[in-house]
Amino acid sequence: MTTTTVPGSRFDTARQVADAVLFEGYVLYPYRASAAKNRLRWQFGVLVPPAWGPAHREHALQQTEILMEPKGEAVLAVELRFLHAQRRTVQQALDGADFADVAELHLDDRVLVPWDEGAEERVELSVPVRELADGEVVLPFRRPAREDTEPVLGPDGRCLGRLLRRTEEVEGAVRLRTTELDGPYRVVKLTAVVENTSPWTPQAAGPADRDAALPRSLVAAHLLLGLDTGSFLSMTDPPEWAKGAVASCVNRHTWPVLAGSPGRADVVLSSPIILEDHPAIAPESAGAMYDSTEIDEILALRTAALTDQEKREARGTDARAAAVIELADSMPPEVLERLHGAVRALREITGPDPALDLVDLPEPGGPGGSGDPGGSGDSGVEVVPPEVRDPKALFRPDTPWWDPAGADTADPVPDHALVDGTPVGIGSRVLLRPGPRRTDAQDLFLHGRAARVEAVLHDVDGGVHLAVTVEGDPGADIRREQGRFLYFQPDEVTPLEDA
């Protein structure tokens with residue numbers, strides 16, 4: 001086995017998403033250690049010591065299985081990444097050289113509190129694929145216990161206290177093996193197991209047991225896998241001939257996806273969070289917010305609205321939390337505006353129109369033409385009718401269909417809908433009776449309630465929707481002012497006679 005350093009460039013693109021996985025849920029809004037949701041931490045990809053896991057329904061290992069097509073003397077690069085929790089204690093300086101543990105240490109710009117920090121760890125190796133076929137390759141690793149101190153100085157340079165960081169020993173192993181599959185192509189199944197092998201044994205069960213296990217755990221553990229020659233097969237969209245083999249792969253507590261640049265298949269990210277192939281960081285995101293299932297715009301606005309005291313507490317909780325506070329406070333309006341309402345599905349639609357890339361029709365009697373007895377009729381060449389060969393002959397509206405400015409007002413949209421033969425329009429009273437086809441839990445609460453129609457809307461597919469307000473709703477006036485209505489289709493209402 002060769003244990004050389006993996007070239008960094010291969011994983012650079014994938015590592016951007018891997019970093020987001022590594023710190024997902026690391027610290028949650030409002031980014032203070034005192035917040036209730038920041039007291040139970042480390043929820044993703046935690047591999048605990050084996051003596052702790054079974055009795056507490058937590059896992060000591062994760063297993064990745066994926067198919068790959070190595071070429072020639074292919075070399076597999078593996079990078080295990082995880083956080084190693086280190087316990088930070090805050091101590092205040094006393095007379096002389098003594099220090100005492102304190103719950104808080106107040107400084108001008110922050111309030112320091114005890115906290116578990118996450119130190120990034122990596123285990124890297126590369127191994128020829130052919131060696132994996134001879135038997136399991138095991139790479140054990142160990143991170144020793146250590147203790148570090150960091151002085152806390154005041155504006156005048158005087159020592160006010162210190163931060164004491166204690167890191168416990170953690171041990172683990174990466175196990176690799178391959179199995180060659182039968183078939184017309186050279187395909188092998190790669191099995192990669194990451195295991196916590198720490199010999200630590202918990203003391204008598206108690207409320208702090210998990211707190212004792214976490215510093216000896218691999219937190220947010222995930223793998224980056226890369227082939228220098230060859231490719232991996234997608235687990236979600238494999239070729240037809242490989243679907244049976246993909247279905248036989250067993251992935252435990254992790255899920256492998258193709259990573260890196262779109263169109264490439266030489267890098268895989270095996271993540272404890274389910275992702276799609278070729279995941280990417282949103283280009284609008286100005287920086288990491290760390291919050292689980294984060295919504296950048298809402299978090300930025302709410303973080304900027306924290307009080308000065310809350311921001312001092314957040315800055316003292318963690319350096320990453322402090323960076324979030326600074327990001328929210330310094331975010332320019334144009335950057336914040338970018339976070340609102342990004343619609344990616346329309347970009348390809350409104351981009352260059354492939355219909356303008358016209359091609360000449362095949363000549364009669366030519367390849368693929370009507371006179372070609374061997375023509376299949378589906379040669380992959382777009383057949384454009386002669387009358388629209390000229391791009392100027394194509395109707396191209398100034399605005400796309402989804403832009404309100406492009407609405408055709410020549411034919412007025414009906415301002416009413418027929419319900420059981422009765423015209424229903426603005427001001428009509430109806431009885432709500434949502435059916436099972438489109439009903440959600442909120443609709444069920446409104447079954448049998450009377451409502452007033454505020455608008456009759458028609459979508460581009462010819463569907464009709466009734467915008468209504470419920471009678472007796474104290475917020476009906478606000479809904480009208482803001483245009484925030486409830487929507488039902490004509491077959492979900494019954495007309496009522498007006499009083």
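Assorted remarks:
- In this structure, residue 142 does not satisfy being crowded, with 16+ Cβ neighbours inside 10 Å and either more than 35 Å from the chain's Cα centre (by Cα) or part of a strand (DSSP E or B) (or both).
- Contacts under 8 angstrom Cβ, first residue in the stretch 98-113 being farther than 19 Å from residue 307 by Cα, partner open to solvent by 70 Å² or more (accessible area, probe 1.4 Å) and assigned to a loop (DSSP other than H, G, I, E, B), 6 or more apart: 100/94
- Any hit, the stretch 351-368, residues being under 25 Å from the mean Cα position of the chain (by Cα), at pLDDT 50 or above and open to solvent by less than 40 Å² (accessible area, probe 1.4 Å): no
- Every pair of residues 6+ apart whose Cβ atoms lie under 7 Å, when the first sits in the stretch 15-30 and is under 20 Å from residue 270 (Cβ atoms) and open to solvent by less than 20 Å² (accessible area, probe 1.4 Å) while the second is in a helix (DSSP H, G or I) and modelled with pLDDT of 90 or more: 26/320
- Test result for residue 255, open to solvent by 60 Å² or more (accessible area, probe 1.4 Å) and closer than 18 Å to residue 16 by Cα: yes
- Test: residue 213 is open to solvent by less than 30 Å² (accessible area, probe 1.4 Å) and in contact (Cβ under 8 Å) with a residue 60 or more places away in the chain: yes
- Unmet requirement for residue 187, which otherwise passes all of (1) among the β-branched types (Val, Ile, Thr); (2) at pLDDT 95 or above; (3) crowded, with 17+ Cβ neighbours inside 10 Å: (2)
- Those residues of the stretch 309-328 which are of a type in the set (Asp, Glu) and either open to solvent by less than 30 Å² (accessible area, probe 1.4 Å) or closer than 18 Å to residue 25 by Cβ (or both), in sequence order: 318
- Yes/no for residue 131 being modelled with pLDDT under 95 and of a type in the set (D, E, K, R): yes
Okay, residues lined up against (1) part of a loop (DSSP other than H, G, I, E, B); (2) free of Cβ contacts under 8 Å to residues at least 12 places away in the same chain; (3) more than 35 Å from the chain's Cα centre (by Cα):
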site	(1), (2), (3)
444	no, yes, no
447	yes, no, yes
451	no, no, yes
461	yes, yes, no
478	no, yes, no
491	no, no, yes
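- Selected residue (criterion: nearest to residue 80 (Cα to Cα)) from residues of the stretch 118-139 that are open to solvent by 40 Å² or more (accessible area, probe 1.4 Å) and not in a strand (DSSP E or B): 136
- Selection status of residue 411, on the phi > 0 side of the Ramachandran plot and modelled with pLDDT under 90: no
- Among residues of the stretch 43-68, those that are open to solvent by less than 20 Å² (accessible area, probe 1.4 Å) and under 17 Å from the mean Cα position of the chain (by Cα), counted: 1
- Residues that are in contact with a helix residue (DSSP H, G or I) (Cβ under 7 Å, 6 or more places away or on another chain) and open to solvent by less than 70 Å² (accessible area, probe 1.4 Å), drawn from the stretch 433-467: 434, 435, 454, 464, 466
- Residue check for residue 274: surrounded by fewer than 19 Cβ atoms within 10 Å (Cβ to Cβ), among the β-branched types (Val, Ile, Thr) and farther than 30 Å from residue 186 by Cα: no
- Residue that is most open to solvent (accessible area, probe 1.4 Å), among those in the stretch 281-308 that are touching a residue at least 40 places away in the same chain (Cβ under 8 Å) and in a helix (DSSP H, G or I): 302
- Scanning the stretch 88-105 for residues that are crowded, with 20+ Cβ neighbours inside 10 Å and assigned to a loop (DSSP other than H, G, I, E, B) returns no hits.
- Residue match in the stretch 174-189 (condition: within 17 Å of residue 138 (Cβ to Cβ) and of a type in the set (A, V, I, L, M, F, W, C)): yes
- Residue in the stretch 79-87 that is crowded, with 18+ Cβ neighbours inside 10 Å, in contact with a Leu (Cβ under 8 Å, 6 or more places away or on another chain) and not in a strand (DSSP E or B) present: no
- Subset tally (residues that are among the basic types (Lys, Arg), open to solvent by 50 Å² or more (accessible area, probe 1.4 Å) and part of a strand (DSSP E or B)) for the stretch 156-183: 4
- Only one of the listed residues (170, 188, 219) is touching a residue at least 60 places away in the same chain (Cβ under 8 Å) and more than 30 Å from residue 112 (Cα to Cα). That residue is 188.
- Residue count for the stretch 191-249, restricted to those that are in a helix (DSSP H, G or I), under 30 Å from residue 86 (Cα atoms) and modelled with pLDDT of 90 or more: 4
- Of the criteria (1) modelled with pLDDT under 90; (2) out of contact with any Pro (no Cβ under 8 Å at 6 or more places or on another chain), which one residue 52 fails: (2)
- Scanning the stretch 31-52 for residues that are in a loop (DSSP other than H, G, I, E, B) and among the basic types (Lys, Arg), we see that the one that is farthest from residue 219 (Cα to Cα) is 32.
- Residue in the stretch 106-117 that is open to solvent by less than 50 Å² (accessible area, probe 1.4 Å) and not in a strand (DSSP E or B) present: yes
The values are calculated or read from the model by the stated rules, or taken from the named source; none is laboratory data. Everything quoted here is computed from the prediction, not taken from an experiment. With ideal geometry, Cβ positions are generated from the backbone for all residues, glycine too; neighbour counts draw on all protein chains shown. Surface areas here come from the heavy atoms of the whole protein model, side chains and all, with no ligands, DNA or RNA. Shrake-Rupley method; radii C 1.70, N 1.55, O 1.52, S 1.80 Å.
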